[in-house]
1. Put Phe138, Phe194 in order of accessible area, largest first, 1.4 Å probe: what do you get?
2. When ranked by the protection proxy of mean other Cβ atoms within 10 Å per residue, highest first, what sequence do the peptides 176-182, 312-318, 215-221, 14-20 form?
3. Just give me a number: lysine pairs in the range 225-322, eight or more positions apart or cross-chain, with C-alpha atoms less than 19 Å apart.
4. Let me have the relative contact order for the chain, percent, based on Cα pairs under 8 Å that are six or more residues apart.
5. Per residue of the range 97-111, what does 6.51 cos²θ - 1.76 cosθ + 1.60 with θ = phi - 60° give for ³J(HN,Hα)? Whole Hz please, x for Gly and Pro, Karplus curve as stated.
6. Using only Cα atoms, what Kirkwood radius does the range 13-75 have, in angstroms?
7. Mind checking which of Ala373, Ile273, Ala185 is farthest towards the positive end of the chain's charge dipole, using Cβ charges of +1 (Lys, Arg) and -1 (Asp, Glu) about the Cα centre?
8. Over the range 116-221, one equal point on each Cα, no solvent: what is log10 I(q)/I(0) by the Debye formula at q = 0.16, 0.19, 0.23, 0.24 Å⁻¹?
Amino acid sequence: MPEPMEVQKGLQDVVALQSRICFIDGLQGRLIYDGYDIRDLAANSTFEEVAYLLWYGTLPTPARLDDLCRQLVALRSLPPELVALIDAMPLDSSPMDVLRTAVSALALFEPGETKPGPTSIGGAQRLTAALPTIIAQFHRRRAKLPPLRPRPELSHAAYLLYAILDRDPSPLDARAMDVAFILHADHELNASTFAARVTASTLSDLYSAITSAIGTLKGPLHGGANERVMELLDEMASVDRVESVVQAKLAAHERIMGFGHRVYKVEDPRATILREWSRRVGEERKNLTYYDLLRKLEEVVHREKGLYPNVDLYSGSVYSLIGIPHDLFTPLFAASRIAGWTAHVLEEYTDLRLIRPTAAYVGPTDLKYSPIAGRA
Ligand code: CMC
(Lines give C-alpha, C1' and ligand atoms only; values in the text may rest on other atoms or scores of the structure.)
Protein backbone atom coordinates (compact mmCIF):
# COMPACT_ATOMS: atom_id res chain seq x y z
CA MET A 1 0.00 0.00 0.00
CA PRO A 2 1.48 3.46 -0.90
CA GLU A 3 2.32 5.88 1.90
CA PRO A 4 -0.66 8.15 2.76
CA MET A 5 -0.27 11.57 1.10
CA GLU A 6 -1.89 14.84 2.05
CA VAL A 7 -4.55 15.86 -0.49
CA GLN A 8 -5.65 19.44 -1.15
CA LYS A 9 -9.19 18.67 -2.26
CA GLY A 10 -10.28 20.91 -5.13
CA LEU A 11 -6.63 22.12 -5.19
CA GLN A 12 -7.72 24.65 -2.57
CA ASP A 13 -4.88 27.04 -1.64
CA VAL A 14 -2.45 25.24 -3.98
CA VAL A 15 -0.22 27.74 -5.80
CA ALA A 16 0.05 26.17 -9.24
CA LEU A 17 1.96 28.79 -11.25
CA GLN A 18 3.16 32.39 -11.46
CA SER A 19 1.10 34.90 -13.41
CA ARG A 20 1.26 38.64 -14.09
CA ILE A 21 -2.35 38.87 -15.24
CA CYS A 22 -4.65 38.96 -12.24
CA PHE A 23 -4.45 39.27 -8.47
CA ILE A 24 -7.27 38.57 -6.04
CA ASP A 25 -6.92 39.74 -2.46
CA GLY A 26 -9.60 37.55 -0.90
CA LEU A 27 -9.28 39.09 2.56
CA GLN A 28 -9.45 42.73 1.46
CA GLY A 29 -11.97 42.06 -1.34
CA ARG A 30 -9.72 43.47 -4.07
CA LEU A 31 -9.39 42.41 -7.69
CA ILE A 32 -6.48 43.66 -9.79
CA TYR A 33 -5.88 43.21 -13.52
CA ASP A 34 -2.23 43.79 -14.45
CA GLY A 35 -1.80 46.23 -11.57
CA TYR A 36 -5.09 48.15 -12.01
CA ASP A 37 -7.94 47.97 -9.49
CA ILE A 38 -11.17 46.60 -10.94
CA ARG A 39 -13.08 49.56 -9.47
CA ASP A 40 -11.02 52.02 -11.53
CA LEU A 41 -11.36 49.90 -14.64
CA ALA A 42 -15.13 49.50 -14.19
CA ALA A 43 -15.55 53.24 -13.66
CA ASN A 44 -13.34 54.45 -16.51
CA SER A 45 -12.43 51.87 -19.12
CA THR A 46 -14.07 49.68 -21.75
CA PHE A 47 -14.01 45.95 -22.37
CA GLU A 48 -11.73 46.44 -25.38
CA GLU A 49 -9.26 48.46 -23.29
CA VAL A 50 -9.28 45.78 -20.61
CA ALA A 51 -8.75 43.03 -23.21
CA TYR A 52 -5.71 44.95 -24.47
CA LEU A 53 -4.43 45.25 -20.91
CA LEU A 54 -4.82 41.52 -20.28
CA TRP A 55 -3.17 40.53 -23.57
CA TYR A 56 -0.28 43.03 -23.61
CA GLY A 57 0.17 43.76 -19.89
CA THR A 58 -0.14 47.53 -20.35
CA LEU A 59 -2.90 50.04 -21.04
CA PRO A 60 -3.20 51.03 -24.73
CA THR A 61 -2.54 54.46 -26.21
CA PRO A 62 -5.59 55.91 -28.02
CA ALA A 63 -4.10 54.86 -31.38
CA ARG A 64 -3.46 51.29 -30.25
CA LEU A 65 -6.94 51.01 -28.78
CA ASP A 66 -8.43 52.25 -32.04
CA ASP A 67 -6.43 49.63 -33.93
CA LEU A 68 -7.62 46.89 -31.61
CA CYS A 69 -11.29 47.96 -31.88
CA ARG A 70 -11.03 47.97 -35.69
CA GLN A 71 -9.34 44.58 -35.65
CA LEU A 72 -12.03 43.06 -33.41
CA VAL A 73 -14.79 44.39 -35.69
CA ALA A 74 -13.01 42.99 -38.76
CA LEU A 75 -12.83 39.54 -37.15
CA ARG A 76 -16.52 39.24 -36.19
CA SER A 77 -17.88 37.32 -39.14
CA LEU A 78 -17.94 33.52 -39.27
CA PRO A 79 -16.92 31.17 -42.08
CA PRO A 80 -20.04 30.06 -44.06
CA GLU A 81 -19.39 26.40 -43.15
CA LEU A 82 -19.62 27.29 -39.47
CA VAL A 83 -22.82 29.28 -40.02
CA ALA A 84 -24.28 26.21 -41.77
CA LEU A 85 -23.20 23.98 -38.88
CA ILE A 86 -24.78 26.28 -36.26
CA ASP A 87 -27.94 26.48 -38.35
CA ALA A 88 -28.12 22.67 -38.32
CA MET A 89 -28.02 22.42 -34.52
CA PRO A 90 -31.27 21.47 -32.76
CA LEU A 91 -33.22 24.58 -31.76
CA ASP A 92 -33.58 23.33 -28.19
CA SER A 93 -29.81 22.93 -27.73
CA SER A 94 -28.19 24.49 -24.69
CA PRO A 95 -26.45 27.67 -25.96
CA MET A 96 -23.32 26.63 -24.04
CA ASP A 97 -23.24 23.34 -25.95
CA VAL A 98 -23.63 25.32 -29.18
CA LEU A 99 -20.81 27.68 -28.18
CA ARG A 100 -18.45 24.85 -27.17
CA THR A 101 -19.09 22.94 -30.40
CA ALA A 102 -18.87 26.04 -32.60
CA VAL A 103 -15.55 27.20 -31.11
CA SER A 104 -14.11 23.75 -31.66
CA ALA A 105 -15.43 23.72 -35.24
CA LEU A 106 -14.19 27.25 -35.96
CA ALA A 107 -10.63 25.87 -35.89
CA LEU A 108 -11.56 23.62 -38.84
CA PHE A 109 -13.21 26.24 -41.00
CA GLU A 110 -10.96 29.30 -40.62
CA PRO A 111 -10.03 30.35 -44.17
CA GLY A 112 -6.38 29.37 -44.86
CA GLU A 113 -5.09 32.85 -45.69
CA THR A 114 -6.48 34.45 -42.47
CA LYS A 115 -6.08 31.48 -40.16
CA PRO A 116 -4.33 32.75 -37.02
CA GLY A 117 -1.33 30.84 -35.71
CA PRO A 118 -2.40 28.18 -33.22
CA THR A 119 -0.67 29.97 -30.34
CA SER A 120 -0.85 33.63 -31.45
CA ILE A 121 -2.42 36.82 -30.19
CA GLY A 122 -4.24 36.89 -33.53
CA GLY A 123 -6.06 33.76 -32.38
CA ALA A 124 -6.98 35.47 -29.09
CA GLN A 125 -8.48 38.40 -31.00
CA ARG A 126 -10.25 36.16 -33.49
CA LEU A 127 -11.93 34.10 -30.77
CA THR A 128 -12.88 37.20 -28.78
CA ALA A 129 -14.47 38.80 -31.86
CA ALA A 130 -16.23 35.61 -32.97
CA LEU A 131 -17.95 34.60 -29.73
CA PRO A 132 -20.79 37.18 -29.85
CA THR A 133 -21.52 36.28 -33.47
CA ILE A 134 -21.66 32.55 -32.66
CA ILE A 135 -24.03 33.16 -29.74
CA ALA A 136 -26.23 35.42 -31.86
CA GLN A 137 -26.21 33.15 -34.91
CA PHE A 138 -27.84 30.42 -32.84
CA HIS A 139 -30.12 32.65 -30.78
CA ARG A 140 -31.49 34.64 -33.73
CA ARG A 141 -32.58 31.49 -35.51
CA ARG A 142 -34.47 30.12 -32.51
CA ALA A 143 -35.99 33.56 -31.78
CA LYS A 144 -36.93 33.97 -35.48
CA LEU A 145 -35.00 37.25 -35.77
CA PRO A 146 -33.76 38.60 -39.13
CA PRO A 147 -30.14 37.89 -40.16
CA LEU A 148 -27.38 39.61 -38.25
CA ARG A 149 -25.87 42.82 -39.69
CA PRO A 150 -22.17 43.66 -39.14
CA ARG A 151 -22.73 46.95 -37.18
CA PRO A 152 -19.04 48.00 -37.12
CA GLU A 153 -19.87 51.14 -35.12
CA LEU A 154 -20.90 49.06 -32.07
CA SER A 155 -18.49 48.00 -29.31
CA HIS A 156 -18.07 44.33 -28.37
CA ALA A 157 -20.68 44.56 -25.59
CA ALA A 158 -23.17 46.74 -27.52
CA TYR A 159 -22.85 44.52 -30.60
CA LEU A 160 -23.69 41.47 -28.52
CA LEU A 161 -26.75 43.24 -27.09
CA TYR A 162 -27.91 44.33 -30.54
CA ALA A 163 -27.27 40.82 -31.87
CA ILE A 164 -29.37 39.17 -29.16
CA LEU A 165 -32.16 41.75 -28.84
CA ASP A 166 -32.33 42.93 -32.48
CA ARG A 167 -32.47 46.55 -31.33
CA ASP A 168 -29.92 49.14 -30.36
CA PRO A 169 -29.34 49.15 -26.60
CA SER A 170 -29.92 52.37 -24.65
CA PRO A 171 -26.68 54.10 -23.58
CA LEU A 172 -27.29 52.97 -19.98
CA ASP A 173 -27.83 49.33 -20.99
CA ALA A 174 -24.79 49.37 -23.26
CA ARG A 175 -22.63 50.77 -20.46
CA ALA A 176 -24.07 48.29 -17.93
CA MET A 177 -23.13 45.45 -20.26
CA ASP A 178 -19.67 46.90 -20.91
CA VAL A 179 -19.05 47.13 -17.16
CA ALA A 180 -20.30 43.56 -16.66
CA PHE A 181 -17.87 42.46 -19.38
CA ILE A 182 -14.98 44.30 -17.69
CA LEU A 183 -15.82 42.64 -14.37
CA HIS A 184 -15.98 39.16 -15.92
CA ALA A 185 -12.92 39.50 -18.16
CA ASP A 186 -10.57 37.64 -15.86
CA HIS A 187 -10.37 36.04 -12.44
CA GLU A 188 -6.98 34.42 -11.90
CA LEU A 189 -6.98 30.62 -11.79
CA ASN A 190 -10.73 30.00 -11.73
CA ALA A 191 -11.78 26.53 -12.90
CA SER A 192 -12.30 27.38 -16.59
CA THR A 193 -9.06 29.35 -16.87
CA PHE A 194 -7.19 26.54 -15.20
CA ALA A 195 -8.77 24.08 -17.64
CA ALA A 196 -7.59 26.27 -20.54
CA ARG A 197 -4.07 26.43 -19.11
CA VAL A 198 -3.95 22.67 -18.53
CA THR A 199 -4.87 22.14 -22.20
CA ALA A 200 -2.32 24.73 -23.36
CA SER A 201 0.36 23.18 -21.14
CA THR A 202 0.33 20.08 -23.35
CA LEU A 203 1.26 22.42 -26.26
CA SER A 204 -2.21 22.02 -27.65
CA ASP A 205 -3.65 24.96 -29.63
CA LEU A 206 -5.68 27.98 -28.52
CA TYR A 207 -8.99 26.73 -29.95
CA SER A 208 -8.66 23.47 -28.01
CA ALA A 209 -7.82 25.35 -24.82
CA ILE A 210 -10.87 27.61 -25.19
CA THR A 211 -13.10 24.63 -25.96
CA SER A 212 -11.95 23.10 -22.64
CA ALA A 213 -12.65 26.38 -20.86
CA ILE A 214 -16.18 26.70 -22.24
CA GLY A 215 -17.05 23.16 -21.14
CA THR A 216 -15.74 23.96 -17.65
CA LEU A 217 -17.56 27.29 -17.38
CA LYS A 218 -20.88 25.57 -18.12
CA GLY A 219 -21.27 24.05 -14.63
CA PRO A 220 -23.59 25.71 -12.08
CA LEU A 221 -20.83 26.03 -9.46
CA HIS A 222 -18.95 28.27 -11.90
CA GLY A 223 -20.58 30.13 -14.78
CA GLY A 224 -24.11 28.81 -14.42
CA ALA A 225 -24.87 30.31 -11.00
CA ASN A 226 -26.54 33.57 -12.09
CA GLU A 227 -29.14 31.66 -14.09
CA ARG A 228 -29.99 29.75 -10.91
CA VAL A 229 -30.21 33.02 -8.96
CA MET A 230 -32.95 34.15 -11.33
CA GLU A 231 -34.83 30.87 -10.77
CA LEU A 232 -34.58 31.56 -7.05
CA LEU A 233 -35.96 35.10 -7.49
CA ASP A 234 -38.86 33.71 -9.51
CA GLU A 235 -39.53 31.18 -6.74
CA MET A 236 -39.46 33.84 -4.04
CA ALA A 237 -41.54 36.32 -6.08
CA SER A 238 -42.04 38.78 -3.21
CA VAL A 239 -39.85 40.17 -0.44
CA ASP A 240 -42.02 38.65 2.29
CA ARG A 241 -41.34 35.14 0.96
CA VAL A 242 -37.53 35.46 0.93
CA GLU A 243 -37.09 34.34 4.53
CA SER A 244 -39.19 31.18 4.21
CA VAL A 245 -37.70 30.12 0.85
CA VAL A 246 -34.13 30.54 2.16
CA GLN A 247 -34.92 28.71 5.41
CA ALA A 248 -36.42 25.80 3.47
CA LYS A 249 -33.39 25.55 1.19
CA LEU A 250 -30.91 25.69 4.03
CA ALA A 251 -32.89 23.08 5.98
CA ALA A 252 -32.65 20.85 2.88
CA HIS A 253 -28.85 21.52 2.78
CA GLU A 254 -29.16 23.25 -0.58
CA ARG A 255 -26.71 25.95 -1.64
CA ILE A 256 -27.95 29.44 -2.21
CA MET A 257 -26.62 30.47 -5.59
CA GLY A 258 -24.75 33.76 -5.86
CA PHE A 259 -23.17 33.42 -2.40
CA GLY A 260 -19.80 32.18 -1.19
CA HIS A 261 -16.48 32.04 -2.95
CA ARG A 262 -13.36 29.91 -2.84
CA VAL A 263 -11.06 32.95 -2.64
CA TYR A 264 -13.07 35.93 -1.30
CA LYS A 265 -13.68 35.80 2.42
CA VAL A 266 -15.46 39.17 2.25
CA GLU A 267 -17.74 40.66 -0.39
CA ASP A 268 -16.64 40.05 -3.96
CA PRO A 269 -15.83 43.57 -5.32
CA ARG A 270 -17.59 42.65 -8.57
CA ALA A 271 -20.81 42.11 -6.58
CA THR A 272 -20.46 45.59 -5.04
CA ILE A 273 -20.28 47.17 -8.50
CA LEU A 274 -23.03 45.04 -10.01
CA ARG A 275 -25.37 45.76 -7.10
CA GLU A 276 -25.16 49.42 -8.08
CA TRP A 277 -25.80 48.63 -11.73
CA SER A 278 -28.77 46.43 -10.81
CA ARG A 279 -30.25 49.44 -9.01
CA ARG A 280 -29.47 51.86 -11.85
CA VAL A 281 -30.89 49.65 -14.58
CA GLY A 282 -33.94 48.91 -12.38
CA GLU A 283 -34.52 52.58 -11.59
CA GLU A 284 -34.38 53.50 -15.27
CA ARG A 285 -37.22 51.03 -15.83
CA LYS A 286 -39.04 51.97 -12.61
CA ASN A 287 -38.75 48.32 -11.63
CA LEU A 288 -36.76 47.56 -8.50
CA THR A 289 -38.41 44.19 -7.88
CA TYR A 290 -35.23 42.17 -8.43
CA TYR A 291 -33.08 44.66 -6.57
CA ASP A 292 -35.36 44.62 -3.51
CA LEU A 293 -35.53 40.81 -3.51
CA LEU A 294 -31.75 40.55 -3.77
CA ARG A 295 -31.14 43.01 -0.95
CA LYS A 296 -33.42 41.00 1.31
CA LEU A 297 -31.81 37.75 0.18
CA GLU A 298 -28.36 39.14 1.05
CA GLU A 299 -29.59 40.09 4.51
CA VAL A 300 -31.08 36.67 5.26
CA VAL A 301 -28.19 34.61 3.85
CA HIS A 302 -25.60 36.68 5.66
CA ARG A 303 -27.49 36.39 8.93
CA GLU A 304 -28.03 32.64 8.57
CA LYS A 305 -24.73 31.50 7.00
CA GLY A 306 -22.34 34.44 7.22
CA LEU A 307 -21.89 34.24 3.44
CA TYR A 308 -21.21 37.22 1.16
CA PRO A 309 -22.49 37.77 -2.38
CA ASN A 310 -20.33 36.80 -5.32
CA VAL A 311 -20.34 38.18 -8.89
CA ASP A 312 -23.31 36.03 -9.85
CA LEU A 313 -25.79 37.45 -7.36
CA TYR A 314 -26.61 40.68 -9.19
CA SER A 315 -25.46 40.05 -12.77
CA GLY A 316 -28.57 38.05 -13.72
CA SER A 317 -30.89 40.84 -12.57
CA VAL A 318 -29.06 43.33 -14.83
CA TYR A 319 -29.20 40.96 -17.82
CA SER A 320 -32.86 40.08 -17.22
CA LEU A 321 -33.95 43.71 -17.03
CA ILE A 322 -32.11 44.40 -20.28
CA GLY A 323 -34.11 41.55 -21.83
CA ILE A 324 -31.51 38.81 -22.23
CA PRO A 325 -32.89 35.25 -22.06
CA HIS A 326 -31.62 33.39 -18.99
CA ASP A 327 -29.93 30.61 -20.93
CA LEU A 328 -27.65 33.19 -22.59
CA PHE A 329 -26.19 34.40 -19.28
CA THR A 330 -23.36 31.86 -19.26
CA PRO A 331 -22.51 32.40 -22.96
CA LEU A 332 -22.29 36.11 -22.10
CA PHE A 333 -19.87 35.23 -19.31
CA ALA A 334 -17.80 33.34 -21.91
CA ALA A 335 -17.91 36.32 -24.30
CA SER A 336 -16.16 38.41 -21.64
CA ARG A 337 -13.94 35.78 -19.96
CA ILE A 338 -12.54 34.95 -23.41
CA ALA A 339 -10.17 37.92 -22.94
CA GLY A 340 -8.77 36.42 -19.75
CA TRP A 341 -8.76 32.82 -20.99
CA THR A 342 -6.75 33.75 -24.06
CA ALA A 343 -4.36 35.97 -22.06
CA HIS A 344 -3.68 33.05 -19.71
CA VAL A 345 -3.19 30.60 -22.57
CA LEU A 346 -0.69 32.96 -24.23
CA GLU A 347 1.09 33.35 -20.89
CA GLU A 348 1.18 29.57 -20.52
CA TYR A 349 2.94 29.26 -23.89
CA THR A 350 5.64 31.67 -22.76
CA ASP A 351 6.39 29.80 -19.52
CA LEU A 352 5.48 26.29 -20.42
CA ARG A 353 5.55 23.34 -18.08
CA LEU A 354 3.17 20.42 -18.48
CA ILE A 355 0.51 20.67 -15.74
CA ARG A 356 0.30 17.19 -14.36
CA PRO A 357 -0.44 16.77 -10.62
CA THR A 358 -0.50 13.46 -8.80
CA ALA A 359 -3.28 11.57 -7.00
CA ALA A 360 -3.10 9.83 -3.64
CA TYR A 361 -3.96 6.25 -4.55
CA VAL A 362 -6.44 4.71 -2.12
CA GLY A 363 -7.17 1.38 -3.88
CA PRO A 364 -5.53 -2.01 -3.47
CA THR A 365 -2.23 -2.88 -5.18
CA ASP A 366 -1.94 -6.65 -4.93
CA LEU A 367 -5.15 -8.21 -6.27
CA LYS A 368 -4.69 -11.44 -8.19
CA TYR A 369 -5.91 -11.25 -11.81
CA SER A 370 -8.35 -14.00 -12.81
CA PRO A 371 -9.03 -14.63 -16.54
CA ILE A 372 -12.55 -13.59 -17.63
CA ALA A 373 -13.73 -17.12 -18.30
CA GLY A 374 -13.18 -17.99 -14.67
CA ARG A 375 -15.29 -15.12 -13.24
CA ALA A 376 -18.84 -15.71 -12.04
N1 CMC B 1 -25.01 28.35 0.11
C2 CMC B 1 -25.02 27.63 1.25
N3 CMC B 1 -23.90 27.18 1.83
C4 CMC B 1 -22.74 27.47 1.26
C5 CMC B 1 -22.65 28.21 0.09
C6 CMC B 1 -23.85 28.65 -0.49
N7 CMC B 1 -23.83 29.37 -1.60
N8 CMC B 1 -21.35 28.36 -0.25
C9 CMC B 1 -20.66 27.71 0.66
N10 CMC B 1 -21.49 27.18 1.58
C11 CMC B 1 -21.11 26.43 2.75
C12 CMC B 1 -20.92 24.96 2.39
O13 CMC B 1 -22.11 24.21 2.51
C14 CMC B 1 -19.88 24.56 3.38
O15 CMC B 1 -20.52 24.34 4.63
P16 CMC B 1 -20.10 23.10 5.56
O17 CMC B 1 -18.64 23.34 5.86
O18 CMC B 1 -21.00 23.24 6.72
O19 CMC B 1 -20.31 21.89 4.71
C20 CMC B 1 -19.01 25.79 3.53
O21 CMC B 1 -19.86 26.89 3.19
C22 CMC B 1 -17.79 25.78 2.64
O23 CMC B 1 -18.22 25.46 1.30
P24 CMC B 1 -17.26 24.81 0.21
O25 CMC B 1 -18.10 24.25 -0.90
O26 CMC B 1 -16.27 23.91 0.84
O27 CMC B 1 -16.46 26.07 -0.27
P28 CMC B 1 -15.86 26.27 -1.69
O29 CMC B 1 -14.74 27.18 -1.54
O30 CMC B 1 -15.60 25.00 -2.40
O31 CMC B 1 -17.14 26.96 -2.39
C32 CMC B 1 -18.43 27.83 -4.11
C33 CMC B 1 -17.09 27.92 -3.35
C34 CMC B 1 -18.52 29.04 -5.03
C35 CMC B 1 -18.43 26.54 -4.94
C36 CMC B 1 -19.59 27.82 -3.11
O37 CMC B 1 -19.58 28.97 -2.30
C38 CMC B 1 -20.93 27.66 -3.81
O39 CMC B 1 -21.33 26.54 -4.12
N40 CMC B 1 -21.65 28.81 -4.08
C41 CMC B 1 -22.88 28.75 -4.81
C42 CMC B 1 -22.59 28.69 -6.31
C43 CMC B 1 -22.14 30.03 -6.84
O44 CMC B 1 -22.68 31.07 -6.51
N45 CMC B 1 -21.14 29.97 -7.73
C46 CMC B 1 -20.57 31.15 -8.35
C47 CMC B 1 -19.17 31.37 -7.86
S48 CMC B 1 -18.51 32.98 -8.31
C49 CMC B 1 -18.35 32.88 -10.03
C50 CMC B 1 -17.18 32.13 -10.46
O51 CMC B 1 -16.07 32.39 -10.03
O52 CMC B 1 -17.37 31.26 -11.33
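1. Correct descending sequence by accessible area is Phe194, Phe138.
2. Those peptides, ordered most packed to least, come out 312-318, 176-182, 215-221, 14-20.
3. For the range 225-322, qualifying lysine pairs total 5.
4. In percent, rounded to a whole number, it is 24.
5. 5, 4, 4, 4, 5, 5, 5, 4, 6, 4, 4, 7, 9, 4, x
6. 13.0 Å
7. About the Cα centre, the residue reaching furthest to the positive side is Ala373.
8. The Cα Debye sum returns log10 ratios of -0.86, -1.10, -1.27, -1.29.
The values are calculated or read from the model by the stated rules, or taken from the named source; none is laboratory data. If you're wondering where the values come from, they're calculated on a predicted model, not measured in any experiment. All Cβ positions, glycine included, derive from the backbone under ideal geometry; neighbour counts span all protein chains shown. Areas reflect the complete protein model, heavy atoms only, side chains present, ligands, DNA and RNA absent. Shrake-Rupley method; radii C 1.70, N 1.55, O 1.52, S 1.80 Å.
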